[in-house]
Amino acid sequence: MSEFTRRSFIGKTAVAIGSFAALQKVVGADLSKTDPGPANHELDGQNPDSMWPPATDTKELVQAFKYPFSFANKRTYEGGWSREVTIREFPVSKTMAGVNMRLTAGGFRELHWHTASEWAIMLYGSARLTAIDLDGKSFVADVNKNDLWFFPPGLPHSIQGLNPDGCEFMLVFDDGNFSESDTVLLSDTIGHLPPEVLAKNFAVGQEAFKNVPKEELFIFQADLPGSLAVDQKVAAGARGKSPQNLVFRTMEMPPTLKTKGGDVRIVDSSNFKVSTTAMALVTVHPGGLRELHWHPNADEWQYYISGKGRMTVVATGNKARTMDFQAGDVGYVQKTLLHYIENTGDTDLVFLEMFGKVDRFQDLSFSEWLAHTPPEAVMAHLRIDKATFDAIPKNGGVVMPL
Ligand code: MN
Ligand code: MN
């Protein structure tokens with residue numbers, strides 16, 4: 001043993017799987033933080049807080065609250081693709097489901113409707129939307145990166161990629177069980193109706209429908225649409241355009257709150273009237289922290305757009321877990337559970353906080369709560385001095401530092 005330093009000895013034994021118990025006795029080394037068995041080192045590297053959790057995490061387990069879209073199976077078509085994360089693969093996500101979709105230029109997500117409401121953000125490129133409102137009035141609009149749209153339950157709609165390279169977007173549904181496979185498609189409906197009924201309904205001869213698709217289209221390649229103004233005018237007809245705006249231009253509004261640590265844009269029914277899904281688009285600069293907080297009115301569904309971060313969720317019953325996130329991951333926090341999101345990378349961390357079936361974004365700041373409780377009460381609980389109490393921010397920072 002004498003020619004080995006302790007350090008190089010541990011290094012060699014960590015790769016040469018042997019009798020660790022015996023070796024520990026020899027050198028007295030603590031090898032408990034080694035993992036000599038089979039491993040997926042790339043995934044381990046992306047999940048350092050699961051590999052070696054912080055000491056404040058509990059041995060009592062907390063249900064996983066991360067699911068990467070990388071694990072989701074793509075449904076591919078000529079014209080684009082779709083993949084989804086629902087309660088089926090992500091059991092904690094009871095109240096919301098996400099669908100990530102790509103459409104080529106001209107690629108159509110076909111005319112359809114569904115029971116859940118559809119909230120969406122454009123992540124790349126641009127698309128043309130069509131819908132009608134409850135008065136049968138037409139809505140046609142083009143959306144670009146960071147624009148939002150909202151289709152209430154049952155309203156029929158379509159999405160088509162535009163030049164130069166179509167689009168990619170994230171759809172968020174206010175039901176964890178919702179699947180894009182469970183939508184009512186124009187192609188399905190028409191393919192399952194007797195031709196004589198179609199003829200009567202549309203007041204044409206049966207021959208007119210002889211070429212309708214026999215199988216669902218879902219996504220298909222089509223020609224690019226013409227000008228927006230013409231589409232809007234023709235679709236509206238004599239009835240006129242819908243007075244409702246189903247689109248929200250996120251970047252045309254200034255941040256709701258901006259600090260040294262980052263900023264947040266909150267979009268809910270107070271500024272996007274039609275939407276019953278609330279959103280916070282959060283940017284946390286390197287070293288910054290989305291402050292400790294919780295949400296009193298809904299579970300939170302997260303989508304990580306860029307950067308790297310980690311989140312600890314403190315669950316009830318003396319349980320806590322920390323997980324790591326990066327672009328393309330979904331996170332989830334159950335209603336009222338305390339959490340923070342820390343930027344652990346060297347670029348901006350950007351993510352969505354989504355809340356289904358609520359009028360308003362609501363959060364309670366851990367700092368504000370403590371700062372607005374009598375000092376003696378807080379000091380007695382936390383065994384902190386008055387100077388520390390006085391330092392607690394009085395107005396929640398949302399993103400720290402202030
Ligand atoms: Mn839809
Ligand atoms: Mn939150």
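Could you go through the range 336-357 and let me know if any residue there is surrounded by fewer than 19 Cβ atoms within 10 Å (Cβ to Cβ), in contact with a helix residue (DSSP H, G or I) (Cβ under 8 Å, 6 or more places away or on another chain) and of a type in the set (G, A, S).
No - not one qualifying residue is present in the range 336-357.
Could you tell me which of the residues D165, D175 is in the same structural domain as R102 (by TED's automatic domain parsing), within 20 Å of A278 (Cβ to Cβ) and in a loop (DSSP other than H, G, I, E, B)?
Exactly one of D165, D175 is in the same structural domain as R102 (by TED's automatic domain parsing), within 20 Å of A278 (Cβ to Cβ) and in a loop (DSSP other than H, G, I, E, B), namely D175.
What residue, of D30, D49, D44, is assigned to a loop (DSSP other than H, G, I, E, B) and of a type outside the set (S, T, N, Q)?
So the residue among D30, D49, D44 that is assigned to a loop (DSSP other than H, G, I, E, B) and of a type outside the set (S, T, N, Q) is D30.
Which residues, counting only those in the range 282-292, are crowded, with 22+ Cβ neighbours inside 10 Å and within 13 Å of ligand 2 (Cβ to nearest atom)?
V282, V284, R290, E291
Go through A298, A327 for me and flag whichever is in the same structural domain as E342 (by TED's automatic domain parsing), farther than 25 Å from I392 by Cα and within 15 Å of ligand 2 (Cβ to nearest atom).
That would be A298, the only listed residue that is in the same structural domain as E342 (by TED's automatic domain parsing), farther than 25 Å from I392 by Cα and within 15 Å of ligand 2 (Cβ to nearest atom).
Output the residues belonging to the range 145-189 that are of a type in the set (V, I, T) and away from ligand 1 (no atom under 14 Å from the Cβ).
Result: T189, single match.
Is it true that P225 is within 21 Å of K145 (Cβ to Cβ), over 21 Å from the mean Cα position of the chain (by Cα), open to solvent by 30 Å² or more (accessible area, probe 1.4 Å) and not assigned by TED's automatic domain parsing to the domain that holds E353?
In short, yes.
From the list M101, M122, M170, M96, which one is of a type in the set (A, V, I, L, M, F, W, C) and within 16 Å of ligand 2 (Cβ to nearest atom)?
M96
The values are calculated or read from the model by the stated rules, or taken from the named source; none is laboratory data. It should be emphasised that the depicted structure is a prediction, and the values quoted were computed from it without experimental measurement. Every residue, glycine among them, receives a Cβ derived from its backbone with ideal geometry; neighbour counts consider all protein chains shown. These accessible areas exclude ligands, DNA and RNA; they are computed on the full protein's heavy atoms, side chains included. Shrake-Rupley method; radii C 1.70, N 1.55, O 1.52, S 1.80 Å.
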